[in-house]
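Worksheet: one structure, shown below.
The values are calculated or read from the model by the stated rules, or taken from the named source; none is laboratory data. Here the structure is a predicted model, which means the values were calculated and not measured. All Cβ positions, even for glycine, are placed from backbone atoms using ideal geometry, and neighbour counts span all protein chains on display. For the accessible areas, the whole protein counts, side chains as well, though only heavy atoms, and no ligand, DNA or RNA atoms are used. Shrake-Rupley method; radii C 1.70, N 1.55, O 1.52, S 1.80 Å.
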Amino acid sequence: MKQRNFRTIKTNGVNLRTVVEGEGPLVILLHGWPQCWYLWRHQIDPLVEAGFKVAVPDQRGYGGSDAPEEVTGYDIIHLTGDVVGIADALGYANFTVVGHDWGAPVAWNTALLHEERVNAVVGMSVPYSRYPVGELTKQENFGDRFWYIVYFQKPGIAEAELETDIRRSLRMIYASASGSNAQEIFFKSKPSTSGFLDGLLDSQEQALGVTQEDLDYYVEQYQRSGFRGGLNWYRNLDRNMEITPQLENKKISQPAMFIAGEKDAVLQFPGMNLNEMNKLIPNLKEQVIIPGAGHWVSVESPQVVNQALLGFLKDFAS
């Protein structure tokens, strides 16, 4: 594994372990669940070589970063504040933010809540949207069917399941959501009493783009952090709507791009209408849907992602 330049950045009341490399306009890369900074391993060097300074944190609750005890410590105000704090610590008034999975809502909302700081924004896998409170978190909306976000709401339950065998949990999640297997990880037809891993692909076969060395590194990170911090992000979905009423009709004004895998099950979520994105993001420059790729686009199709990302950043990330 290539050696990286890690810095501990104190921001917004937490310490975030952050890869900081390169010189030039600042680009902050935000991972989602269940990941860490390592999601962006194929993007860091191309961005540095293209003349950007790159900051890649373990977001709060993950890897080598702090994990506050309070569930409310993971709401969208805290998460976007962390991003701005990274830019402050590095001496940048303005920056571009790129996010995948949960990192995408953080990126979209950083552009909204800190509009004057963000030059441009890229979201991967998760389009920008706002949900009615309870729509994704209440079991009555899903009948007898299992819905993973409902399952994640009660502290301790999902943590216990996922931490029983961290290697197996991560291997199953990465493989099941990968385009190489095309398993519908979030839409498995199973009863509401099921566990998250029930019915997912349980195979020694690795996900597309994930080597044994990669999995070893992820396991090491989750042995360090556990799953509690990342799961607490899901426990703030309703709170995020409640504490940001000012965003209800606000549009993202910055130049923006969206990237996703063609087989990404997230695109089937309630409210995920790609045709509506132009209304919410009038300066959306491009939607890149990558054939054959699943949820983990930056590792499944790194060359396509890098080409799209660099083309966008060279025009708008100054």
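Things to note:
- Against the compact-protein benchmark of 2.2 N^0.38 Å, the Cα-based radius of gyration of region 179-275 scales to 1.39.
- The chain: calculated mean residue ellipticity at 222 nm from DSSP helix runs of at least 4, using -39500 (n - 2.57): -9000 deg cm²/dmol
- Sorted largest first, extent of region 224-269 alpha carbons per principal axis (Å): 38, 33, 21
- Placing Asp66, Asp144, Asp238 in order of accessible area, with the largest value first and a 1.4 Å probe, yields Asp144, Asp66, Asp238.
- Test item: Cα-centred dipole of the chain, Lys/Arg +1 and Asp/Glu -1 on Cβ, debye: 300
- Per-residue SASA entry for Asp216, accessible area with 1.4 Å probe, Å² rounded to 10: 70
- Region 241-281: GluC sites (Glu not before Pro) in DSSP coil with no more than 11 other Cβ atoms inside 10 Å: Glu248
- Environment charge at Val83 (Cβ cut-off 11 Å; Lys +1, Arg +1, Asp -1, Glu -1): 0
- In region 7-60, the GluC sites (Glu not before Pro) that fall in loop regions by DSSP, at most 15 other Cβ within 10 Å: Glu23
- Cα shape, the chain, gyration tensor, a/c 1.5 rule: rounded
- Calculation over all alpha carbon pairs of region 36-169 in 10 angstrom steps from 0 returns a P(r) of 10, 34, 36, 17, 4, 0 percent.
- Formal net charge of residues neighbouring Asn283 (Cβ-Cβ distance under 14 Å; K, R +1; D, E -1): +1
- Near the amide H of Gly24, within less than 5 Å, lie the amide hydrogens of Lys53, all on another chain or at least 5 residues away, with H placed in the peptide plane.
- Positive-end ranking of Gln254, Val150, Ile77 along the dipole of the chain, with charges on Cβ about the Cα centre, is headed by Gln254.
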